[in-house]
1. Given axes a ≥ b ≥ c from the Cα gyration tensor, I'd like to know whether region B:71-138 is rounded (a/c under 1.5), prolate (a/b larger than b/c) or oblate.
2. Distance between the C-alpha centers of region B:65-142 and region B:1-54? Whole Å please.
3. If amide hydrogens are placed 1.01 Å from N in the peptide plane, which non-local residues have theirs closer than 5 Å to the one on B:Y43?
4. Under unit Cβ charges (Lys, Arg +1; Asp, Glu -1), what dipole magnitude, rounded to 20 debye, does chain B have relative to its Cα centre?
5. Taking B:K105 as the anchor, which lysines have their alpha carbon closer than 18 Å to its alpha carbon, excluding any fewer than eight residues away along the same chain?
6. Counting other beta carbons within 10 Å of each residue's own, what order do B:D268, B:D262 fall into, fewest first?
7. For a quick check: with amide H placed at 1.01 Å from N, whose amide H comes under 5 Å from B:L128's, ignoring anything fewer than 5 positions away on the same chain?
8. What ³J(HN,Hα) values, in whole Hz, does the Karplus curve 6.51 cos²θ - 1.76 cosθ + 1.60 give for region B:196-211 when θ = phi - 60°, with x put for Gly and Pro?
Amino acid sequence: MPRVRYIEPGGRERTLELDVGSSVMRGAVDAGIDGIEAQCGGNCACATCHCYVQPPWLDKLVPASDDERLMLTNVAAERRPNSRLSCQLTVSPALDGLTVQFPERQS
Amino acid sequence: MASQAPIVIVGAGQAGVQIAESLRQEGYGDELLLIGNEAHPPYQRPPLSKKWLLEPGAYSALALRGAEALLRRRIELKLDTEVIAIDRAASQLQLADGERLDYSKLALATGASARALPVPGAALGQVLSLRSIGDSAAISAAIRRCAAAGRPVVVIGGGFIGLEVAASARKLGAAVTVLEGLPRLMSRVTAPIVSEAFERVHRAHGVELLFGAQVTRLLGGADGVGAVCTADGREHAAGCVIVGIGVVPDDRLAAAAGLACDRGILVDDCARTSDESIVAAGDCTARRLADGRLLRLESVQNAVEQAKSAAAALLGRERPFVAAPWFWSDQYDIKLQMVGLSHGYDQVVTRGDLQKPAFSAFYFRAGRLIAVDSLSRVQDHMQSKRLLDHGLSPTPEQAADPLFELQSLLKQARLATADGA
């Protein structure tokens, strides 16, 4: 199973093995990673699962949809070039090792 | 001994889970007990009227938090448990099985129940309402049976739940009639121009919409309900009836214990009840605003934000919930996102394409922006949310001008960087 490494707002790191097809948000929520709210449950409606994708993974992801890109325009924490909504990141074998960091605030 | 009793949270939905989680995040280190009256561990309700109806799947996809998350945060979960009374003098809860539980402090997150249809025949088979996973599965199955048998699905209530169910039923191939008592859809929360857009979309998808329809009784058929009668003398054939006429806050426990209630447990901005050792959050509450009005919100955001306030209050801190309320609804391919409270507006302007529909309605009161409904206009929603959260307002002329960038107001207030990011 692909591994995803999470960096919590306090800097603590945890690596989880996730099912292919699951989302990076789902993995974090199931395991109780700090720094994510995911209020809408993965509908791309709330922007409270905002994460920063660490190098070199940004270019390996499926690009953000129009909706995701627009949701990202006004996230609660600083928006950066590597900002993504973790509910829109689907786990795949090619993403084994993907590393994301959650910001200080989501709402 | 009381100091060693756990903080107990009654209600294991969105608000209850968030209170527990926030207590840990705020540094509470002692025992924490989360009591739920359903068999399932905490799960999300919004999908139950949306994609879950189309494809009921594994419970795990609806889980609010995984078992590992609760374990990691040392949140003890007690499911299938009905609390029947609060003994405030003894700081104890009375459970249905006779057990008594001590609490050091108490949080109530008891949610709401679907409002029952107050007419004869409402107890017939295949008359369903939506609140739990089980309800959603039953509605999904009933709609499929209707689709297969060529029987109509009758939805009573043209609000969010009713319309989401109607949209899902059409996708599943059933004939659908929506009976709404008032003259338009979602009239309690939106302007006519938004109601009209949804009216067109539902009709374009083949939904029969009837307004001013006063349901008088339900008639039995071969198996369960067979027809819905309205005051105009019509009988509407029905293979199943979905009742979506709002919810009733579950405040019985609190009211019986003498806490101040008024169709909801009364709380302040910090989620405090009339008892200083008891807080409440989510659908079960009615919040007293600064101007004295009572606000009852049924939404995920309200549950989450009140829960954060409640957790802070339990630890003696003030964390008022002041963010603009927001909601969302999915109907067909329209993403409806609403922010603010439009109640009392005196002007509405729109930007975008009303026919498509892909537009936003901006509500003003005395020239100030108070709410925005966005139909498939994600950027308008996100920008408006930031504007309202920070007390900023475009003029009505600016809001209506498609060339005016709302983002420029955020930039001026230094709430956004120059590139729009």
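Rule-based calculations on the coordinates, nothing more; no lab input. Remember, predicted model here, so these are calculated numbers, not experimental data. All Cβ positions, glycine included, derive from the backbone under ideal geometry; neighbour counts span all protein chains shown.
1. Values: a/c = 2.93, a/b = 1.86, b/c = 1.58.
Because a/c hits 1.5 or more and a/b exceeds b/c, region B:71-138 counts as prolate.
2. Rounded to whole Å, the Cα centres lie 11 Å apart.
3. Long-range HN contacts for B:Y43: B:L64.
4. Working: 45 positive and 46 negative charges, 122 e Å.
Here the size comes out at about 580 debye.
5. B:K78, B:K308
6. On the way: B:D268 18, B:D262 13.
Ordered by Cβ neighbours within 10 Å, fewest first: B:D262, B:D268.
7. B:V241, B:I242, B:V243
8. So the Karplus estimates, Gly and Pro as x, are 5, 4, 5, 4, 4, 5, 5, 5, 4, 8, x, 7, 8, 10, 10, 9 Hz.
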